[in-house]
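Notes for the one structure printed next.
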Amino acid sequence: MPDWRIRPGKIVCVGRNYREHAKELGNEVPMEPLIFLKPPSSVVWEGEAIVLPKASSRVEHEGEIGVVVGKTLTRVSEEDAARGIRSIVSVNDVTARDLQKTDGQWTRAKGFDTFCPLGEESSQLPDLDSLTVVTRVNGVERQRGKSSEMVFSIPSLLAYISRIMTLEPGDLVATGTPSGVGPLAPGDVVEVEIPGVSRVSNPVQESQ
């Protein structure tokens with residue numbers, strides 16, 4: 001197994017970081033980054049199945065740009081945060097949308113096993129301001145967003161999070177999803193790609 005297939009110590013996610021996505025769900029853009037956690041046990045890799053839990057009737061894809069931390073970050077500046085990035089990875093922040101709405105907080109909706117497919121880490125760190133993330137379901141494009149469209153930039157997110165909790169080597173930050181989220185069904189294949197950088201593709205199946 002390649003060395004990069006190691007689960008992050010923690011997964012810090014950012015909500016509503018694209019204006020159009022906030023709008024499509026009827027939400028306001030937050031004044032500060034809206035963060036939440038996914039458990040490391042939700043991680044799966046290329047080709048492994050996303051399993052739809054019986055507790056939810058609507059599970060949706062959320063393609064995102066993921067940042068893997070390369071060194072300890074505690075109360076750092078944006079410049080130091082950028083220097084602390086190890087790699088960029090594709091992330092699918094799979095979400096049980098109905099449970100997200102009914103629960104109020106997002107732990108259950110975001111935390112099921114298989115709800116965090118991760119792509120392979122890039123060998124070189126790309127330009128953070130020129131990244132694109134694309135989500136396809138059964139080969140049809142559903143989402144496309146650019147890092148330049150984020151409400152809060154990648155360095156500002158890392159710096160903000162580091163003032164709340166120490167980010168450690170191997171931790172993952174998922175930086176938010178663009179508009180176009182939608183439901184997944186058994187038999188679908190969902191792909192999240194950061195062109196030229198990282199991709200992950202996963203089949204979808206019902207819980208046994």
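Things to note:
- Odd one out for Ala174 among (1) touching a Cys at 6+ places or on another chain (Cβ under 6 Å); (2) on the phi > 0 side of the Ramachandran plot: (2)
- The C-beta contact set for region 93-105 (first residue within 25 Å of Leu172 (Cβ to Cβ), second residue assigned to a loop (DSSP other than H, G, I, E, B), distance under 6 angstrom, 6+ apart or interchain) comprises Asp93/Glu62; Val94/Phe115; Thr95/Glu62; Ala96/Ser56; Arg97/Arg58; Leu99/Ser56; Gln100/Trp106.
- Any chance Ser41 is touching a residue at least 24 places away in the same chain (Cβ under 8 Å) and surrounded by fewer than 19 Cβ atoms within 10 Å (Cβ to Cβ): yes
- From the options Val190, Val204, residue that is assigned to a strand (DSSP E or B), touching a Lys or Arg at 6+ places or on another chain (Cβ under 8 Å), of a type in the set (A, V, I, L, M, F, W, C) and over 13 Å from Ala81 (Cα atoms): Val190
- Taking region 134-150 as the range and being in a strand (DSSP E or B), over 16 Å from the mean Cα position of the chain (by Cα) and either under 14 Å from His21 (Cα atoms) or without any contact (Cβ under 8 Å) to a residue 60 or more places away in the chain (or both) as the test, the residues that pass are Val140, Glu141.
- Among the residues listed as Ser153, Ser179, the single one being over 30 Å from Ser77 (Cβ atoms) and within 16 Å of the chain's Cα centre (by Cα): Ser179
- Number of the exception - Gly63 against (1) among the small types (Gly, Ala, Ser); (2) more than 17 Å from the chain's Cα centre (by Cα); (3) under 19 Å from Asn27 (Cα atoms): (2)
- Whichever residue in region 94-109 is touching a Ser or Thr at 6+ places or on another chain (Cβ under 6 Å) and crowded, with 21+ Cβ neighbours inside 10 Å and, among such residues, is nearest to Glu191 (Cα to Cα): Ala96
- Answer from Thr166, Thr135, Thr175 - the residue that is surrounded by fewer than 19 Cβ atoms within 10 Å (Cβ to Cβ), of a type in the set (Ser, Thr, Tyr) and modelled with pLDDT of 95 or more: Thr166
- When Val68, Val91 are screened for being in contact with a Lys or Arg (Cβ under 7 Å, 6 or more places away or on another chain) and either outside any helix (DSSP H, G or I) or modelled with pLDDT of 95 or more (or both), only Val68 passes.
The values are calculated or read from the model by the stated rules, or taken from the named source; none is laboratory data. From a predicted model like this one, the values you see are computed outputs, not experimental measurements. Every residue, glycine as well, gets a Cβ built from its backbone with ideal geometry; the counts of neighbours run over all protein chains shown.
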